[in-house]
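Please treat every number below as a calculation from the coordinates, not as lab data. This structure is a prediction, so every number in the text was calculated from the model and none was measured. Neighbour counts run over all protein chains shown; Cβ positions are idealised from the backbone, glycine included.
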Amino acid sequence: MNELRQILLKAKKQVFSNLSGENLTRLKGDGMDLRDIKSYEWGDDVRRINWKATAKSDEILVNTYDEYKQLNISLIYLPTPTMSFGSQRFKSDVASEIFAYLLFSGVKNHDLTKSVIFDSKIYKPIKKVEEIDSIVSNIFYHEAKSNVDYKALSHFINKSYKRGHIIILVGDFLSLPDLSLINKKHQVYALVIRDRLEEQLEFSGDLALRDFNSNKSQEFFINKTIKQKYNSLINSHDNKLKEYFLQNKITFKKIYTNDEVYIKLKELFK
């Protein structure tokens, strides 16, 4: 069984089990999830009288419901060439798993969930489980050619979605984003996918690296000085990234290639 099929089966099983698949936020509204049957009280909606249960009782009984609000969720994958990296598994594979969990959860919770690969195809809202396989597959096999144009991303989101959407951005954020035109109108989440090796370079010696933009390879010798400089640069970048998210009130979570994705998502959306 290939990894893509394992991702889909694992996500579907966990989301639709009794212990998982909760709503992603605590927003409430009008819904039809039956919770209990209780005695009628003055002011109760007569349209909720359970006539079958009432006929078997000596009192009027009404249905009660767990109410929820249908959420407008947009999952946006931010593909970059660096997503095709990973010491445990590719970061793009983790992105596929994230989408599988959130899409299955959206269907289960009756949320209006859209899925977008930003540099490629825009998908319609997901309403059926059967539609999810092809979307996750496209993310799994997608090859990015360039980095994210955040100005174009902001224009796309503000043009495509009305105020008040839940925007979930999935990428590695190895360049500092500009989301200032988005988070003022929408509730923004950032899922930062990383490999531990790229955050803490631990080996020395010869290393062959390929530039995804030019497709050219070049060999480097990694010594102690280069290793320390690299680690310092990535650490500085991530500190700035964290500060940016906090200042702009963007909820964020870092997910590594060797993490259990479902647990990380539950921590973020609990």
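Looking at the chain, send over the antiparallel percent of its DSSP beta bridges, to the nearest 5. Mind dumping the intermediate values first?
On the way: 16 of 39 bridges.
Of those bridges, close to 40 percent are antiparallel.
Rg over Rh for segment 217-270 works out to 1.14, using Cα positions for both radii and the Kirkwood form for Rh.
Find, to one decimal place in angstroms, the Kirkwood hydrodynamic radius of segment 70-122, where the mean of 1/r is taken over every pair of different Cα atoms and then inverted. Walk me through the numbers before you get to the answer.
Numbers: mean 1/r = 0.0833 Å⁻¹.
Result for segment 70-122, one decimal place: 12.0 Å.
What FRET efficiency would be calculated for the residue pair Trp51, Leu9, taking the C-beta separation as r and a Förster radius of 30 Å, to the nearest 0.05? Numbers along the way, then the final one.
Numbers: r = 42 Å, r/R0 = 1.40.
Once rounded, the FRET efficiency stands at 0.10.
Expressed as a fraction of 2.2 N^0.38 Å, the C-alpha radius of gyration for segment 32-171 is 1.51. For Lys254, enumerate residues with amide H under 5 Å from its amide H, sequence gap 5+ or separate chain, H modeled in the peptide plane. Result for Lys254 returns Val192. The structure shown yields Cα Rg over 2.2 N^0.38 Å, and of the options (1) 1.23; (2) 0.94; (3) 1.00 that calculated value carries the label (1). Figure legend: label point modelled 7 angstrom from the Cα of Asp149 along Cα→Cβ; residues of segment 79-123 with amide N under 12 Å from it are 119-120.
Over the chain, dividing the summed -39,500 (n - 2.57) contributions of all DSSP H runs of at least 4 residues by the number of residues returns a 222 nm mean residue ellipticity of -10500 deg cm²/dmol. Taking a straight line from the alpha carbon of Lys151, these lysines sit under 16 Å away, with near neighbours fewer than eight places off in the same chain left out: Lys159, Lys184, Lys185. Counting only residues at least eight positions apart within a chain, or on another chain, the lysines with an alpha carbon under 21 Å from that of Lys227 are Lys240. With a cut-off of 19 Å on the backbone N, the residues of segment 237-260 near the modelled label site 7 Å out from Glu199 along Cα-Cβ are 237-247, 250-260. Each listed q (0.14, 0.25 Å⁻¹) maps to a log10 I(q)/I(0) for segment 168-267, found by the Debye formula over equal Cα scatterers with no solvent: -0.69, -1.33. Among Asp238, Asp195, Asp93, the residue with the largest mean-square fluctuation in a Gaussian network model of the chain, with springs joining Cα atoms closer than 10 Å, is Asp238.
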